[in-house]
Amino acid sequence: MRLIISSILLSSIFNTAQAIPAEQITQRFHTSNYAQTKYPIVFNHGMAGFARLGTDVAGVDYWYQILPNLAKNGANVWATRVSPLNSSEVRGEQLIQQVEQIIAITGKPKVNLIGHSHGGPTIRYVAGIRPDLVASLTTISAPHKGSPVADAVLTVQNTALEAPVVTLMNTLSRIITLVQGFKPSQLPHDSLAAGISLSTTGSVEFNKKFPLGMPTTSCGEGAYQQNGIYFYSFSGVGQVTNLIDLDSALGITGLLINKGQDNDGLVSRCSAKFGKTIRDNLNWNHLDEVNQFLGLKAIFAPDPVDVYRQHANRLKLQGL
């Protein structure tokens, strides 16, 4: 009952603002039906994320080259846009609105949700509040048990640094929304709520409310299926994977986690475990997992585009 009441209260916030729509990614020519799932595949970005910055001609996608490849191989695929910085619950309510739009447009009763980083808890919220809309959840290096990096950032709370840091980060969230072509006022921005959601203590509270798919051991798998919803996850353990890549800075933040071991620069391998583990040791850092920046990665690391296409085929074979 509390979850239902909370959802109603959150929904009332968004009903007063113009909803931002999801974007369908299409390709004129299909090369195969390899990724043609029964239900649409809906992607949700992580913290400080986006669908696309800029335009089709001069812009960059969050899921770089991944979604067009899925569409080319028959997938009905969508990119969603939620608050770059806000709580899992607020982002989740925004995502529910977009999932409902997608279902109305496609005529399909459910969707396959895929979330990277903070997108993981966000899609779990949708499954907890509206399980009738969800066929499967796939999380990619999501901090299900929180991240020490978020804990470190939150040390500014109740200090002289709190106000300027929060203001700076909320401004960043507004800029990201603006560069996507929307008014910043169309989304609520709350960087402090985002940090709390991704902290270890905040994650404990979230997992009590939304336990579906969560492991019951410190570093094991979760249930593969509950309430008719299938659960999957994969994650990386690389940090500095390409010296000319801007995301090499993750080698610094990775030192805050497990003494620099067994993490992708922002999330530990064990924190990313959820449902059925596809792989938890890919030589990717936290941005390689979405093929950023611009496809740079370790020389012999798997191509993220291939991994997502293979996962779409996995969902297809599962009847999803």
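What follows draws every value from the coordinates through simple rules; no lab data is involved. What you see is a predicted model; the values in this text were computed from it and never measured. Backbone-built Cβ (ideal geometry, glycine too); neighbour counts: all protein chains shown.
Listed by chain and number, the aspartates and glutamates placed with their C-alpha closer than 12 angstrom to that of LYS110 are GLU100, ASP132; residues fewer than eight positions away on the same chain are left out. Take 29-41, 294-306 and order them by the average number of nearby Cβ atoms within 10 Å per residue, most first; the result is 29-41, 294-306. Three semi-axes describe the equivalent ellipsoid of the range 134-239; taken as square roots of 5 times the Cα gyration tensor eigenvalues and ordered largest first, they are 29, 19, 13 Å. For the chain, the dipole from Cβ point charges (+1 on Lys and Arg, -1 on Asp and Glu) about the Cα centre works out to 780 debye, to the nearest 20. Springs between alpha-carbon pairs under 10 angstrom, Gaussian network model over the chain: which of ILE114, ILE140, ILE196 fluctuates most? Evaluated over the chain, the most mobile residue of the options is ILE196. Output the pairs from LYS72/LYS183; LYS183/LYS273; LYS145/LYS259 with a Cα-Cα distance over 25 Å in this structure; if there are none, say none. Beyond 25 Å between Cα atoms: LYS72/LYS183; LYS183/LYS273. Residues whose amide H lies under 5 Å from that of MET47, counting only those 5 or more places away or on a different chain, are HIS118, GLY119; hydrogens are built 1.01 Å from N in the peptide plane.
Think of the range 163-253 as a dipole: +1 on every Lys or Arg Cβ, -1 on every Asp or Glu Cβ, centred on the Cα centre; then among ILE229, GLY181, THR200, GLY181 lies furthest on the positive end. Counted by Cβ distance under 13 Å from LYS316, the other residues give a net charge of +3, where Lys and Arg count +1 and Asp and Glu count -1. On the beta carbon distance between ALA163 and VAL240, with R0 = 22 Å, the FRET formula returns roughly 0.10. Using a ≥ b ≥ c from the Cα gyration tensor of the chain (square roots of the eigenvalues), is it rounded, prolate or oblate, where a/c under 1.5 gives rounded and otherwise the larger of a/b and b/c decides, a/b for prolate? Cα axes put the chain in the rounded bin. Could you work out the local net charge near TYR232, counting Lys and Arg as +1, Asp and Glu as -1, over the other residues with Cβ closer than 15 Å to its Cβ? Within the 15 Å Cβ shell, the charges total +4. Seen from ARG91, the other residues with C-beta closer than 13 Å to its C-beta sum to a net charge of -1, counting Lys and Arg as +1 and Asp and Glu as -1.
Annotation: extensible slack from ASP306 through ARG28 equals 98.1 nm (criterion: 0.36 nm per residue apart, minus Cα-Cα distance).
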